[in-house]
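Structure first, commentary second.
The values are calculated or read from the model by the stated rules, or taken from the named source; none is laboratory data. None of these values were measured; they are calculated from a predicted model. Glycine gets a Cβ as well: all are built from the backbone with ideal geometry, and neighbour counts include every protein chain shown. Quick note on the areas: whole protein, heavy atoms, side chains included, nothing else; ligands and nucleic acids left out. Shrake-Rupley method; radii C 1.70, N 1.55, O 1.52, S 1.80 Å.
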Amino acid sequence: MSIFDSSLISAAFWIAKGTGLTVALIVGAMFLGLIVGLPMAAIQVYGPRWARFLVMVYVWFFRGIPILVLLFLFYFGVFSPLEAWLTKFFGVRINLPFLASVTTLGLASGAYQSQIFRGAMLSLHMGQYEAALSLGFTRLGALVNIILPQALRIAIPAWANEYSILLKDSAIAYVLGTLEIMSRIKLMVATFHMHVPFYILAGFIYYFLTWLGIKALKKLEAKTRIPGLGSDGDAHFPEANEEIGTDERLEENPNAKPVPKPA
Amino acid sequence: MSLELNKVAPAVGAESETKRSQPLLEANRISKTLGGKLILDDVSLSLDRGQRKILIGPSGGGKSTLLKCIHFLNPPDKGDVFLDGKSAKDMSQSNISAFRQEIGMIFQDFNLFDHLTAKDNVAIALRKVKKQPKAAARARAMEELDKVGLSDKAELYPAQLSGGQKQRVSIARAMAMEPKLMLLDEPTSALDPELIGEVLQVIADLAQGGMTMLMVTHQLDFVKHLTDEIIFMENGRIVEQGNPGVLLDAQSNSRTSLFCAKLTQLSSKKWTPGNFM
């Protein structure tokens with residue numbers, strides 16, 4: 001089969017395309033994990049007992065089984081029959097390996113992300129929720145307007161960590177024949193009979209994607225930082241406390257020159 | 001900052017003696033068990049429009065829990081709360097939210113929303129709960145901040161405010177919702193001594209405006225001028241209640257006066273290891 005020209009240049013392009021697919025896989029799985037994880041976190045912190053139990057079952061299912069097993073389980077147990085069914089009745093063809101990979105990684109990530117957001121919500125003082133209710137917010141309104149904006153900020157560092165883990169877990173999707181970085185690298189290795197250079201390349205691509213994603217999330221963290229509040233508490237930002245002193249002094253002596261605020 | 005206590009207007013409730021038929025707020029035989037322990041045991045109280053009552057008593061006596069039960073943040077196990085004669089017990093979730101909207105609550109540790117500026121802390125419920133347009137809500141927020149003397153701090157975040165300023169913002173936040181009454185849960189006990197005055201001044205202003213209030217506090221010297229009645233709670237029950245002049249009279253030998261004598265004794269005593277015991 002000649003999927004690629006046997007020149008190394010076109011091989012590089014072919015791998016670049018696989019990198020694109022890995023990015024799509026990660027973005028899709030992180031997003032699915034967010035959609036699944038956020039409500040589960042809210043249920044675990046604020047929900048009724050029976051719903052908390054269901055979430056716990058979900059989380060333990062995905063935490064307790066290796067990704068590799070989950071991939072095969074979903075591929076053969078859910079997506080293969082689904083594809084056969086869709087083809088038979090609707091004539092629709094789906095990208096089976098990709099869909100199975102995104103869904104499995106996303107659902108598994110949802111279990112981990114729910115724990116990230118649960119921790120973030122728990123670290124918020126219960127009083128924030130009570131204060132919102134006391135102002136007439138409904139429970140959902142309090143969650144959406146008061147709890148989530150704060151919990152999501154707190155969760156960014158842990159979320160960046162989840163991104164880097166999921167990115168590297170995604171390499172395992174090659175077992176389903178998803179044409180992402182790893183499966184293309186393996187094909188190259190088989191074609192050119194060069195092991196080490198291609199695996200170094202694979203390592204480099206994953207390293208770069210990790211660096212890029214974490215850098216972007218750090219930017220997001222800085223951008224959404226609440227003035228006067230460090231992402232890990234006030235302790236590392238003594239300037240914030242000094243500012244209070246400045247304000248008080250100004251109140252007593254309006255002619256006093258304001259001390260410039262730290263950037 | 002001077003506290004002009006004597007100018008406080010007489011309670012509105014006292015004027016309308018004739019239409020006493022229905023109190024503004026009535027808590028009827030409330031019981032609450034938390035963690036297997038009976039915290040509130042058959043507690044009843046009522047507030048007429050414009051009345052101000054103080055809850056005092058040793059900690060663990062159930063004062064804060066009572067406020068949370070009245071506000072249905074922590075619904076009572078037994079008993080009911082009536083606001084303007086409407087029972088809160090069997091309300092749907094959305095009606096409970098509307099019920100809470102009519103009762104302002106001030107917390108000991110402020111509970112400002114940390115991700116919002118002072119102005120948006122006041123404006124957010126106007127926007128999201130009362131569905132006011134953003135500009136109108138913010139204008140209203142500025143009015144309320146101005147009333148508590150913080151219009152110049154509107155753009156600061158809670159972490160950039162002092163404790164006293166935070167509590168004043170939280171009062172502005174509650175007042176913006178135009179509640180029928182206010183519940184205050186030890187509004188000054190988390191504050192440095194020199195910041196207490198500014199918050200008490202704001203509370204005195206509220207009282208002057210005729211606001212109906214139920215306040216848990218130990219700042220008795222201050223609040224006894226503002227209040228119509230003192231309610232003393234201990235072990236989840238109301239032990240004594242009555243006119244502050246009577247209950248605080250040292251001669252009366254009331255549980256309240258003994259408790260308060262202890263409070264003043266503690267605050268005036270020189271703290272040496274010897275007399276601490």
Of (1) crowded, with 22+ Cβ neighbours inside 10 Å; (2) in contact with a Leu (Cβ under 7 Å, 6 or more places away or on another chain), B:Gln132 fails just (1)
How many residues of region A:120-147 are within 19 Å of B:Asn95 (Cβ to Cβ), within 9 Å of chain B (Cβ to nearest Cβ) and open to solvent by 30 Å² or more (accessible area, probe 1.4 Å)? The answer is 3
When residues of region B:223-256 are filtered for being crowded, with 19+ Cβ neighbours inside 10 Å and assigned to a helix (DSSP H, G or I), how many remain? 4
Any chance A:Ala111 is at pLDDT 90 or above, in a helix (DSSP H, G or I), out of contact with any Asp or Glu (no Cβ under 9 Å at 6 or more places or on another chain) and among the small types (Gly, Ala, Ser): yes
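Looking only at residues in region A:162-177 that are among the small types (Gly, Ala, Ser) and more than 9 Å from A:Ala29 (Cβ to Cβ), which one is most open to solvent (accessible area, probe 1.4 Å)?
Of the residues in region A:162-177, the ones among the small types (Gly, Ala, Ser) are A:164, A:170-171, A:173, A:177.
Applying the additional criterion that residues be more than 9 Å from A:Ala29 (Cβ to Cβ) yields A:164, A:171, A:173, A:177.
Details: A:Ser164: 12, A:Ala171: 20, A:Ala173: 1, A:Gly177: 41 Å².
Filtering region A:162-177 for residues that are among the small types (Gly, Ala, Ser) and more than 9 Å from A:Ala29 (Cβ to Cβ), the one most open to solvent (accessible area, probe 1.4 Å) comes out as A:Gly177.
Quick one: which residue in A:Ala29, A:Ala16 is open to solvent by 40 Å² or more (accessible area, probe 1.4 Å), in the same structural domain as A:Ile172 (by TED's automatic domain parsing) and under 26 Å from the mean Cα position of the chain (by Cα)? Before you say what the answer is, go through the steps one by one.
On the way: A:Ala29 fails: open to solvent by 40 Å² or more (accessible area, probe 1.4 Å).
Among A:Ala29, A:Ala16, only A:Ala16 is open to solvent by 40 Å² or more (accessible area, probe 1.4 Å), in the same structural domain as A:Ile172 (by TED's automatic domain parsing) and under 26 Å from the mean Cα position of the chain (by Cα).
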Quick check, is B:Ile196 away from chain A (no Cβ under 12 Å), open to solvent by less than 10 Å² (accessible area, probe 1.4 Å), part of a helix (DSSP H, G or I) and not hydroxyl-bearing (Ser, Thr, Tyr)? no
Can you find, within region B:94-109, the residue that is nearest to B:Ile70 (Cα to Cα) among those that are among the hydrophobic types (A, V, I, L, M, F, W, C), within 7 Å of another protein chain (Cβ to nearest Cβ) and buried (at least 20 other Cβ atoms within 10 Å of the Cβ)? B:Met105
Determine if region A:184-200 includes at least one residue that is within 29 Å of A:Ser80 (Cα to Cα) and of a type in the set (Phe, Trp, Tyr). no
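How many residues does region B:73-90 hold that are on the phi > 0 side of the Ramachandran plot and of a type in the set (D, E, K, R)? Write out each step before concluding.
Residues of region B:73-90 that are on the phi > 0 side of the Ramachandran plot, as a first pass: B:79, B:84-85.
Of the ones still in play, those that are also of a type in the set (D, E, K, R) are B:84.
Number of matching residues: 1.
This table checks each residue for (1) more than 20 Å from the chain's Cα centre (by Cα); (2) outside the structural domain of A:Arg118 (by TED's automatic domain parsing); (3) farther than 22 Å from A:Pro66 by Cα; (4) modelled with pLDDT under 95.
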| site | (1), (2), (3), (4) |
| --- | --- |
| A:Ala171 | no, no, no, yes |
| A:Leu176 | yes, no, no, yes |
| A:Ile181 | no, no, no, yes |
| A:Ile185 | yes, no, yes, yes |
| A:Met188 | yes, no, yes, yes |
| A:Phe192 | yes, no, yes, yes |
| A:His195 | yes, no, yes, yes |
| A:Tyr199 | yes, no, yes, yes |
From the list B:Leu112, B:Leu116, exactly one residue is within 8 Å of another protein chain (Cβ to nearest Cβ), more than 14 Å from B:His71 (Cβ to Cβ) and either assigned to a loop (DSSP other than H, G, I, E, B) or touching a residue at least 60 places away in the same chain (Cβ under 8 Å) (or both). Which is it? B:Leu112
For B:Asp80, the lone unmet condition from (1) assigned to a helix (DSSP H, G or I); (2) farther than 27 Å from A:Leu143 by Cβ; (3) acidic (Asp, Glu) is (1)
Could you check region B:141-152 and list, in sequence order, the residues that are crowded, with 21+ Cβ neighbours inside 10 Å and of a type outside the set (A, V, I, L, M, F, W, C)? B:Glu144
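Just to check your reading of the model, which residue among B:Ala123, B:Ala159, B:Ala139, B:Ala174 is at the interface with chain A (Cβ under 8 Å from one of its Cβ atoms) and either modelled with pLDDT of 95 or more or out of contact with any helix residue (DSSP H, G or I) (no Cβ under 7 Å at 6 or more places or on another chain) (or both)? Write out each step before concluding.
Numbers: B:Ala123 fails: at the interface with chain A (Cβ under 8 Å from one of its Cβ atoms); B:Ala159 fails: either modelled with pLDDT of 95 or more or out of contact with any helix residue (DSSP H, G or I) (no Cβ under 7 Å at 6 or more places or on another chain) (or both); B:Ala139 fails: at the interface with chain A (Cβ under 8 Å from one of its Cβ atoms).
One residue alone meets the criteria, B:Ala174.
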Of all residues in region B:83-93 being away from chain A (no Cβ under 13 Å) and in a loop (DSSP other than H, G, I, E, B), the one that is surrounded by the most Cβ atoms within 10 Å (Cβ to Cβ): B:Ala88
A:Phe198 - would you say it is surrounded by fewer than 15 Cβ atoms within 10 Å (Cβ to Cβ), out of contact with any strand residue (DSSP E or B) (no Cβ under 9 Å at 6 or more places or on another chain), touching a residue at least 12 places away in the same chain (Cβ under 8 Å) and of a type outside the set (Ser, Thr, Tyr)? no
Kindly check whether there is at least one residue in region B:162-173 that is without any contact (Cβ under 8 Å) to a residue 40 or more places away in the chain, of a type outside the set (D, E, K, R) and open to solvent by 10 Å² or more (accessible area, probe 1.4 Å). no
